[in-house]
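Notes follow the structure.
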């Protein structure tokens, strides 16, 4: 039983940066707090024009500092936050220890990174902005999102045949 | 006050707010910031098709789906309540370049002249929406994360593989935007 659970967890963690195990069982509505963070995050995305196709084109043509400023200051803020959390051993609101899984290197970060870079410049969106763009009423972006989901599926299907 | 909110926000306001998502998710429930995983969870929930990569209990990651649903709602709220209608400001050099491809409409953050249902049946529209989206989904999962998971979360946690991934995102983007995309846009 334990080994089955371990295997299941291993699969879930494959190639993903955002899985953390919690031993607490919560009712579904506990997830609403993530919905609220998402709403605030989505508002910033739109208000700072991060979801703008034009802003992404400017970034990749070095025609504007805006996106570099956004991503750079987000990273610095994140770094300081993670440092403070580790330094003072800050716990979650449920009193759990905060743990961040380390990233292990594989060649996928190079090949996949380049492929995602191509897609980013074409669509002017990474996965987050796709959801926000649809929210702003750009209905045709639903096609881009469905295609992105399909791309993820195709990766999963051919995963074992791809160099990692 | 509301007038200030309705203006486009500068990077030094938006960047730190986005960065604060990292500790917010960690403190709310030990969740590492990442968005592209939501695409994988959707696959696992809807079309697992016996592929081992999608055979896991996606319900344990449902927080991620609530998060992206929030992003969608946030986009809706911002666009309908917090925006001044009008053209967005873009570098004049980019405007001049895009005008040569017939892109002149700056009333939306998404170029509606490129991304619309009618152009889906043209080669250009197909590449921009369907192929572009495919590359985003395939590439982010192959790389194990996107701008949020690698560039922001990974670098916040000083992970060098995330730096490799971020550099590759940028190389790919520069190549596409400057070399290949001009060809696609002139189709």
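Against the list (1) at the interface with chain A (Cβ under 7 Å from one of its Cβ atoms); (2) in a helix (DSSP H, G or I), the condition residue B:167 fails is (1). Can residue A:83 be described as at pLDDT 95 or above and facing chain B (nearest Cβ under 8 Å)? No, not satisfied. Tell me, which helices (runs of 4 or more DSSP H) wholly within the stretch B:1-96 include 3 or more residues that are surrounded by fewer than 22 Cβ atoms within 10 Å (Cβ to Cβ) and either more than 7 Å from every other protein chain (Cβ to nearest Cβ) or touching a strand residue (DSSP E or B) at 6+ places or on another chain (Cβ under 6 Å) (or both)? Correct list: B:2-6, B:62-81. In the stretch B:98-115, the count of residues that are facing chain A (nearest Cβ under 8 Å), surrounded by fewer than 19 Cβ atoms within 10 Å (Cβ to Cβ) and more than 30 Å from residue A:27 (Cβ to Cβ) is one or more. Scanning the stretch A:126-164 for residues that are more than 18 Å from the chain's Cα centre (by Cα), more than 15 Å from residue B:109 (Cα to Cα) and crowded, with 24+ Cβ neighbours inside 10 Å yields nothing.
Among the criteria (1) surrounded by fewer than 24 Cβ atoms within 10 Å (Cβ to Cβ); (2) at pLDDT below 95, the one residue B:146 does not fulfil is (1).
Of the candidates A:27, A:7, the single residue that is surrounded by 13 or more Cβ atoms within 10 Å (Cβ to Cβ), more than 7 Å from chain B (Cβ to nearest Cβ) and at pLDDT below 95 is A:7.
Screening the stretch B:119-128 for residues that are in contact with a helix residue (DSSP H, G or I) (Cβ under 9 Å, 6 or more places away or on another chain) and at pLDDT below 95 and picking the one that is surrounded by the most Cβ atoms within 10 Å (Cβ to Cβ) gives B:119. Evaluating residue B:185 against the criteria (1) over 22 Å from residue B:14 (Cβ atoms); (2) modelled with pLDDT of 95 or more; (3) at the interface with chain A (Cβ under 7 Å from one of its Cβ atoms) leaves one unmet condition, (3).
The values are calculated or read from the model by the stated rules, or taken from the named source; none is laboratory data. Since this is a predicted model, take the numbers as computed values, not measurements. Cβ: placed from backbone, ideal geometry, glycine included. Neighbour counts: every protein chain shown.
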